[in-house]
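First comes the structure, then the notes that go with it.
The values are calculated or read from the model by the stated rules, or taken from the named source; none is laboratory data. Keep in mind that this is a model prediction, so the values were computed, not measured. Note that each Cβ is placed from the backbone with ideal geometry, even for glycine, and that neighbours are counted across all protein chains shown. Accessible surface is based on the protein model in full, side chains and every heavy atom, while ligands, DNA and RNA are left aside. Shrake-Rupley method; radii C 1.70, N 1.55, O 1.52, S 1.80 Å.
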Amino acid sequence: DAKTTQPPSMDCAEGRAANLPCNHSTISGNEYVYWYRQIHSQGPQYIIHGLKNNETNEMASLIITEDRKSSTLILPHATLRDTAVYYCIVRVLGNQFYFGTGTSLTVIP
Amino acid sequence: GAGVSQSPSNKVTEKGKDVELRCDPISGHTALYWYRQSLGQGLEFLIYFQGNSAPDKSGLPSDRFSAERTGGSVSTLTIQRTQQEDSAVYLCASSRGLASNFRETQYFGPGTRLLVL
């Protein structure tokens with residue numbers, strides 16, 4: 001399965017954009033990039049996904065490099081409620097999602 | 001409609017006892033997944049159902065773990081003769097179960113927190 005590499009932790013000032021990077025250099029052509037987040041004591045929450053083109057929804061934007069070897073999740077105006085662990089997932093094998101250990105984002109007041 | 005629900009939300013049991021964890025997927029979702037998350041760890045895949053069948057049981061850690069799904073809806077994860085290392089949050093997710101698997105978004109329940117004493 002494709003491996004993802006994320007920084008273990010990041011801080012972001014409240015109201016500023018949070019940019020969470022993910023490296024996925026072994027991604028194959030038909031594998032999507034998914035982002036989930038997990039707020040303490042809750043189940044993972046879907047954020048966004050994409051294949052080649054950049055995507056935007058009400059929660060976030062996803063920027064995927066042209067070679068698809070990395071991506072960045074952007075939370076445009078981080079709030080305290082965005083403090084969570086963010087998972088980047090690029091491999092779906094038999095419908096499994098392989099979660100790594102993610103990036104723990106702390107939004108600072 | 002309602003999201004994925006799981007019960008119980010918390011379960012404390014003694015080592016050696018059997019436990020059953022329940023998952024109600026989103027209505028109409030044919031695919032159902034079980035994961036577990038140990039303290040401070042990422043999610044570990046356990047089993048996947050498409051309808052009532054389980055084409056992928058590769059993640060079940062031992063033969064003490066089993067799962068079933070009847071009627072294509074509710075699923076039960078059973079752990080026999082629980083051990084302390086079974087303590088974790090057990091998460092269930094569901095998805096629409098369409099053929100284009102690479103596009104499936106999974107929706108997670110709140111989890112069951114199992115503590116084996």
Accessible area of the protein assembly as shown belonging to carbon and sulfur atoms, whole % at 1.4 Å probe: 49 percent
Probe 1.4 Å, protein heavy atoms only - accessible area per residue of the protein assembly as shown in square angstrom: 49 Å²
Accessible area, probe 1.4 Å, largest first, for residues B:39, B:60, A:75, A:80: B:39, A:80, B:60, A:75
Difference of contour (0.36 nm per residue) and Cα-Cα distance, residue A:56 to residue A:81: 7.1 nm
Separation in nanometres of the label points that stand 7 Å from Cα toward Cβ, at residue A:104 and residue A:66: 3.8 nm
Residues in the stretch A:25-46 that a label on residue A:5 would reach, taking backbone N under 11 Å of a point 7 Å out along Cα→Cβ: A:25-26
Interface area, B with A, accessible, probe 1.4 Å, both sides summed, Å² nearest 100: 1800 Å²
Accessible heavy-atom area order of A:40, A:24, highest first, probe of 1.4 Å: A:40, A:24
Under Karplus coefficients 6.51, -1.76 and 1.60, residue-wise ³J(HN,Hα) of the stretch B:27-43 in Hz, glycine/proline x: 4, x, 7, 8, 9, 9, 10, 10, 10, 9, 9, 7, 3, x, 10, x, 7
Distance between modelled label sites at residue B:20 and residue A:17, nm, 7 Å Cα→Cβ extension: 5.2 nm
Heavy atoms of residue A:72: accessible area, 1.4 Å probe, square angstrom to 10: 40 Å²
Point-charge dipole on Cβ atoms (K/R +1, D/E -1) for chain A, about Cα centre, debye to 20: 140 debye
Accessible heavy-atom area order of A:69, A:52, highest first, probe of 1.4 Å: A:52, A:69
Residues whose placed amide H lies under 5 Å from that of residue A:48, excluding near-sequence neighbours: A:35
